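Asker: The structure is given below, and queries will be raised subsequently.
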Amino acid sequence: MKIANSVLVIVPMLFFLLSGCAGPKGATPIEKREAVRTMTQNTLAKLYELEPQAKADLKAAVGYAVFSNTGINLLMVSTGNGWGIAHDNESGKDIYMKMLSAGVGLGLGVKDFRGVFVFSTREAFSTFVETGWQAGAQADVAAKGGEKGVAVAGAIDVGPGVKLYQITENGLALQATIQGTKYWKDEELN
């Protein structure tokens, strides 16, 4: 019974904590779109520095998506949210999007990271943008080396026609976890 009571307290706390990072900074849609574009440019610059091959991968892709994500893991419950842009390389169009994740697992902490999805097929990109892709993947394939923990391997396959680069403050992540994560268009910013 104590666990049930703890969950009743913890879950609302998680949603309260995440409400402060529920979207890009700015008071107006114009300011929020600018914040998303700035985050995207900064994330791509960092990715190209860490993994130079990524620039060619994104250029050759049908499209890509860049997200800022914040996750909180408190005891047995984890949740996260974020926002970003899906970019269609063929049309040059940017689609503003949101994401939300939830799961269970033992842990404690806050993780701020950036995710860059690379779509090699039109079907994968269209599904992500138009129907609000729902992920359920976890990959632990990148090896780290060096003092800063910069990953040796590049993108991780997370679905048919979809690869993911996940960047933390220490470089590319050792593992990419997108389990129980939903992505959809941001109605306010599009």
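Asker: Fewest first, what order do Ser126, Ser68 take by the number of other Cβ atoms within 10 Å? Present the calculation step by step, with values, prior to reporting the outcome.
Answerer: Values: Ser126 15, Ser68 22.
By the 10 Å Cβ count, ascending: Ser126, Ser68.
Asker: Take the Cβ-Cβ distance between Thr168 and Leu100 as r, set R0 to 30 Å, and report the resulting FRET efficiency rounded to the nearest 0.05.
Answerer: Values: r = 20 Å, r/R0 = 0.66.
Efficiency, rounded to the nearest 0.05: 0.90.
Asker: Could you check the simple spin-label distance between Lys55 and Asp157, using points 7 Å along Cα→Cβ, in nm with one decimal?
Answerer: Distance between the two pseudo-spin positions: 2.7 nm.
Asker: Given points 7 Å out from each Cα along the Cα-Cβ axis, report the Ser91 to Glu31 separation in nanometres with one decimal.
Answerer: Here the modelled spin labels are 2.9 nm apart.
Values quoted throughout were computed directly from the atomic coordinates according to the rules given, and no laboratory measurement underlies them. Predicted model only: the values in this text are computed from it and were never measured. Glycine gets a Cβ as well: all are built from the backbone with ideal geometry, and neighbour counts include every protein chain shown.
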